[in-house]
């Protein structure tokens, strides 16, 4: 991981399980935005790897599909530092030691990053196939916009917290 | 209450998706159905018409836990069809890659999925509240396995560096040498893991299983060997389909794999250990003896100790390979595709994984068959439930349900890769 990347975006999913691949599609669309200081990762959602990745960054945003009986395409946003991830949300992970478990285990072990946001998107079709349902595709666009905005906000915060060189001299913090 | 039904629609801490149904009548088990929902005959269909070069990367996606196993069975089967032999350091690198996957998969199962059962916790998160250092050790060990897979596979998940004939790129001696410190730490941690798992409380439950595993004349098996059992099976892999059959069962989409002659059989760490104890490294053999584990273990609950012995072996073997490594002249052997049928079994973390491919002279895949370890164990798991539940039948229902789930978890079933489906939905771009 690049040391300059302070923000980590992880899209989680299985390419071959229809809407389960939502997180991967979000990451692919976000790559085109060329967000600064941001590392984008496509992940299959193995919990141990997630804990490892989360413990090495300041800000992480996870994007994953869920099946909670809600309206297909619905988008849920959780601030994992402020709330536990609801157990009734069934993350469509092929691995039962998955996203929700990883976040809660990282919390117990004191390995959550200072900021962790989870976007969960209600999928419709999790059968074995390649490609998204129309509802999921629409949700991908919305999540991409939302995540881009949040990354920009985080970048502003980071600049305030750790001013860039030109800003530093402008503010007169360092001679 | 003498009649009851145990129904678990969602099996926690089992990789993938599955359901269990047990019917008890007059304190006797009258029916056990382990239902498996998920499928990949999809991949067998997906492979048809593709070039052999694509196969290792496609099959690696069948399972997020054991992509290396899928790649290894794929390349060995295709190499058999093409008449290719991979030897020397390239063969060693394949063993090393497999060590990485065994470590990753076994450590995950030992620490995150199986240990909570024995200590009475609903999951690893609750266990971590009381045993944070133990859980941290598990995560750190898994990371060492990841480091092997990331280096040789090109990345940690879904490795992409494996090809028919060898690798796309072989690591330098220096790159491989950098693993040594992590592996030494991992070997020590694995020894502690053996001690830690051995003191867990185990139910007294032994069965007369037929264990099936690879057997190689000089090494603990990963990629090659004959297929043997403790009940007289001793065949070349090419005879696999003459001895094993896949059967449809009404209650599950999954196919049950059986020995034609004798029915249910048992694959995985326990089978490998029982049939190959003499091929473990001296360190691993000694560790087993130190904790009182005989060279034959027929209690599936003790598989957690056997997995920890295999983790120790994998670290030990990985160190041996790293220390003796010299950069091969070529990252892969040269060959020409040729028409034919090739098959291979390799030892996935959960047991033998059989692949067969029919290839055209240009290297197009005409047909593919994949039999994952969990579908081979499924009948044995059902038999265990039948026999185990009867012993524990008077327990309160929640405890009985828990013990049934535990009995299933003994096999570390990877249900996501075990099954086959009947209706295909394929969208091609």
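The values are calculated or read from the model by the stated rules, or taken from the named source; none is laboratory data. Keep in mind the model is a prediction, meaning the values are calculated, not measured. Glycine gets a Cβ as well: all are built from the backbone with ideal geometry, and neighbour counts include every protein chain shown.
Observations, loosely collected:
- Hits in the stretch B:56-96 - residues which are in a helix (DSSP H, G or I), within 13 Å of residue B:347 (Cβ to Cβ) and either within 15 Å of the chain's Cα centre (by Cα) or modelled with pLDDT under 95 (or both): B:68, B:69, B:70, B:72, B:73, B:95
- Enumeration of residues in the stretch A:96-113 that are facing chain B (nearest Cβ under 9 Å) and farther than 16 Å from residue B:128 by Cα: A:96
- Only residues that are assigned to a helix (DSSP H, G or I) and more than 13 Å from residue A:52 (Cα to Cα) were counted across the stretch B:146-161, and they come to 6.
- Residue count for the stretch B:382-403 satisfying the condition of being touching a helix residue (DSSP H, G or I) at 6+ places or on another chain (Cβ under 8 Å), at pLDDT below 90 and under 19 Å from residue B:255 (Cα atoms): 1.
- Positions within the stretch B:108-121 being within 11 Å of chain A (Cβ to nearest Cβ) and farther than 12 Å from residue B:409 by Cα, in sequence order: B:108, B:111
- Scanning the stretch A:34-76 for residues that are buried (at least 22 other Cβ atoms within 10 Å of the Cβ), without any contact (Cβ under 8 Å) to a residue 24 or more places away in the chain and either part of a loop (DSSP other than H, G, I, E, B) or away from every other protein chain (no Cβ under 11 Å) (or both) yields nothing.
- Conditions (1) within 16 Å of the chain's Cα centre (by Cα); (2) away from every other protein chain (no Cβ under 14 Å); (3) surrounded by fewer than 17 Cβ atoms within 10 Å (Cβ to Cβ): number failed by residue A:116: (3)
- Complete set of residues in the stretch B:135-158 that are closer than 18 Å to residue B:106 by Cα, more than 11 Å from chain A (Cβ to nearest Cβ) and in contact (Cβ under 8 Å) with a residue 60 or more places away in the chain: B:144, B:148
- For the stretch A:119-141, filtering for residues that are more than 9 Å from every other protein chain (Cβ to nearest Cβ) and outside any loop (DSSP other than H, G, I, E, B) leaves 12.
- Residues located in the stretch B:61-107, provided they are touching a strand residue (DSSP E or B) at 6+ places or on another chain (Cβ under 9 Å), within 28 Å of residue B:203 (Cβ to Cβ) and within 11 Å of chain A (Cβ to nearest Cβ): B:65, B:105
- Qualifying strands (runs of 3 or more DSSP E) (wholly inside the stretch B:201-276; at least 1 residues being crowded, with 20+ Cβ neighbours inside 10 Å and at pLDDT 95 or above): B:212-215, B:226-229, B:244-249
- Among the residues of the stretch B:177-186, those that are surrounded by fewer than 23 Cβ atoms within 10 Å (Cβ to Cβ) and either outside any loop (DSSP other than H, G, I, E, B) or touching a residue at least 40 places away in the same chain (Cβ under 8 Å) (or both) comprise B:177, B:180, B:181, B:182, B:184, B:185.
- Test: residue A:88 is in a loop (DSSP other than H, G, I, E, B), modelled with pLDDT under 90, away from chain B (no Cβ under 14 Å) and at negative phi: no
- Restricting attention to the stretch B:250-280, the residues that are free of Cβ contacts under 8 Å to residues at least 40 places away in the same chain and either farther than 22 Å from residue B:412 by Cβ or more than 17 Å from the chain's Cα centre (by Cα) (or both) add up to 5.
- Any hit, the stretch B:113-127, residues being in contact with a helix residue (DSSP H, G or I) (Cβ under 6 Å, 6 or more places away or on another chain), surrounded by 22 or more Cβ atoms within 10 Å (Cβ to Cβ) and within 16 Å of residue B:351 (Cα to Cα): no
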